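Below: the structure, in structure tokens.
The values are calculated or read from the model by the stated rules, or taken from the named source; none is laboratory data. Keep in mind that this is a model prediction, so the values were computed, not measured. A quick note on method: Cβ atoms are made from the backbone with ideal geometry, for glycine too, and the neighbour counts reach across all protein chains shown.
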Amino acid sequence: MIRILTNGAGLIFMKIGIHAQEGVEDIIARKKREYEQAGMIFWGYGGNTCHPTTFIQPFAKTQAEHQAQVFLMMHKMTSNHNADPVSAKQYSEDGIEWKPIPEGIQVVGSRYAMVIGNLTEEQFDLNLRNLVVAMGPKRGALGTDYIQGHVDKGCFEYHERAETPEETELKHIDLYSPLKPPYAVFLK
Amino acid sequence: MAMLNREIMNAVSDIIMNRPLPIREVDQIYMKAGDLALQSFFIGQRFRDLDVVFIGDGDAVALSTMYLFHCDLLDVAPKSIHLLDFDERIVNSVIRFADKYRFTNRISASLYNVIDPLPSTHQRRYDAFYTNPPWGASNEGESVKAFVERGIQATRDHNAQGAIVIGDDPALVWTQEVLHVIQEASLGEDFIVSEMVPAVHNYHLDDAPHLRSCNCLVRRARQRTGTYSSEALSPDRYARFYGRNNPLRIRYIREELSLNVGRAVDQTYKLEFLEGKS
């Protein structure tokens, strides 16, 4: 993990839980099978703080220009998400040109999906005070000032700072995965 | 507790019901109702009896200002407003609303994208411009500069004014950098800052609900001399229009014509009838 969390590294922090009436452990097992079959995973999500074309794609492309890999880091939480488990039939990189969902991929109850590689289940703590918002109107704010209320995900750069323990705000990371081009897509 | 003015709130409610739903892909993030009402008063007073051009206006400040004046809820207002916007839904919503309430003599709208040269019919024609553009969080203010330049091109050679509405939060470094860039660019066009109302408007912005914008008013300090040409935006300028690796890709947002304007889209619901009543 130390290898991934270097200063300036790009990451997407996301809280995960029950989604479209499916438990998180079931989702993880299903997504691992998805990777075996399709060589990639569509990780469904919603909300505007990680919009595919205005946040995720520009963020990941900018990191890629510097030969840097963006990782999706996920924190399990207790939650309810009772959206209907409607499966997406098409995806689009730009919201204009639509293609059928690739063979072996199933993504339900989501407007968007991040395109990721295999999931690594490894547990470690991430200090939100070491995260700086990298995209959007709160660019430059600390992760602690951003991940609050209904904001449960975002694009960040990692910048480690020396602090006394009481100034930290640790979030337990349960699994992570590298983003793969096109990084994020629209679904319908 | 502050007194509510029912007539003003109801008039602003009419405006909000008329606003097309925002498209986040093109940075349409709308001003909240109370601030829309206050901004209408502010613009009514500052641009009293002037011919004003709005360079983009998803918030509907132009329509709100003129409608409140039409309803005798504002004492003063611009003489006229013309809205230029690249979203046909917004252009049509202004035209339809003004026609419905019979004040087309005070407000008009047409389709225009700041990527294109300003049409000659709009050059040097107005007393003042107003713009609330994409705020340039990740492009060092490039998008704001593009909108402000069009506003300046649309205003007269002397005594011109402008209102620039952009992000303003001293805790967010980028907002202060963009303010600096824009004031510098305005000075380069012989406009000086005449008034600054910091951190005053709130928006329906889910990832930054407390981020506000300011009213930065500018006015021409030196008369424009000679000729100028309004050029298309160069590709290197719109390559970062919405931020790094996020170029301007859309010339116009076209309205899908519907007989259901202002009502719920019928694909979003279904009716379950009482037995025997279908």
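Structure notes:
- Consider region A:39-68 and keep the residues that are over 14 Å from A:Cys155 (Cβ atoms) and in contact (Cβ under 8 Å) with a residue 24 or more places away in the chain. The one that is surrounded by the fewest Cβ atoms within 10 Å (Cβ to Cβ) is A:Gly46.
- Taken residue by residue, region A:121-131 has at least one member that is in contact with a Gly (Cβ under 8 Å, 6 or more places away or on another chain) and either of a type in the set (Asp, Glu) or surrounded by 22 or more Cβ atoms within 10 Å (Cβ to Cβ) (or both).
- Note on region A:69-93: residues that are within 14 Å of chain B (Cβ to nearest Cβ) and surrounded by fewer than 20 Cβ atoms within 10 Å (Cβ to Cβ) total 4.
- Residues within region B:123-152 that are in contact with a Leu (Cβ under 7 Å, 6 or more places away or on another chain) and either within 29 Å of A:Arg139 (Cα to Cα) or surrounded by fewer than 24 Cβ atoms within 10 Å (Cβ to Cβ) (or both), tallied: 3
- Hits in region B:84-101 (condition: touching a residue at least 12 places away in the same chain (Cβ under 8 Å) and within 17 Å of B:Leu68 (Cα to Cα)): B:Ser93, B:Val94, B:Ile95, B:Arg96, B:Phe97, B:Ala98, B:Tyr101
- Any hit, region B:265-276, residues being surrounded by 14 or more Cβ atoms within 10 Å (Cβ to Cβ) and away from every other protein chain (no Cβ under 14 Å): no
- Restricting region B:24-47 to residues that are touching a Leu at 6+ places or on another chain (Cβ under 9 Å) and free of Cβ contacts under 8 Å to residues at least 60 places away in the same chain, the residue that is surrounded by the fewest Cβ atoms within 10 Å (Cβ to Cβ): B:Gln45
- Subset of region A:94-119 [in a strand (DSSP E or B) and surrounded by 15 or more Cβ atoms within 10 Å (Cβ to Cβ)]: A:Val108, A:Tyr112, A:Ala113, A:Met114, A:Val115, A:Ile116
- Among the residues listed as A:Ala113, A:Ala141, A:Ala134, A:Ala162, the single one being modelled with pLDDT of 90 or more and farther than 23 Å from A:Gln69 by Cβ: A:Ala141
- Unique match (being under 16 Å from A:Pro178 (Cα atoms), of a type in the set (Gly, Ala, Ser) and assigned to a loop (DSSP other than H, G, I, E, B)) among A:Ala68, A:Ala64: A:Ala68
- Subset of region B:208-233 that is among the charged types (D, E, K, R) and assigned to a strand (DSSP E or B) - its residue that is nearest to the other protein chains (Cβ to nearest Cβ): B:Arg219
- Out of B:Leu21, B:Leu50, one residue alone is exposed (fewer than 15 other Cβ atoms within 10 Å of the Cβ) and hydrophobic (A, V, I, L, M, F, W, C). It is B:Leu21.
- Complete set of residues in region B:24-76 that are outside any helix (DSSP H, G or I), among the charged types (D, E, K, R) and at pLDDT below 95: B:Asp27
- Scanning region B:176-205 for residues that are within 14 Å of another protein chain (Cβ to nearest Cβ), under 27 Å from B:Ile16 (Cα atoms) and touching a strand residue (DSSP E or B) at 6+ places or on another chain (Cβ under 7 Å) yields B:Ala199, B:His201, B:Tyr203.
- Checking A:Ile18 against (1) within 17 Å of the chain's Cα centre (by Cα); (2) at pLDDT 85 or above, the condition it does not meet: (2)
- Within region B:206-220, the set of residues being under 28 Å from B:Asp116 (Cβ atoms) and either exposed (fewer than 13 other Cβ atoms within 10 Å of the Cβ) or touching a residue at least 60 places away in the same chain (Cβ under 8 Å) (or both) comprises B:Ser213, B:Asn215, B:Leu217, B:Arg219, B:Arg220.
- Considering B:Ile166, B:Ile152, B:Ile115, the condition of being within 21 Å of B:Phe241 (Cβ to Cβ), touching a residue at least 24 places away in the same chain (Cβ under 8 Å) and touching an Asp or Glu at 6+ places or on another chain (Cβ under 6 Å) is satisfied by B:Ile152 alone.
- Residue count for region A:132-183, restricted to those that are among the small types (Gly, Ala, Ser), within 10 Å of another protein chain (Cβ to nearest Cβ) and not in a strand (DSSP E or B): 5.
- Some residue of region B:245-256 being assigned to a loop (DSSP other than H, G, I, E, B), under 17 Å from B:Pro20 (Cβ atoms), free of Cβ contacts under 8 Å to residues at least 40 places away in the same chain and under 23 Å from the mean Cα position of the chain (by Cα): yes
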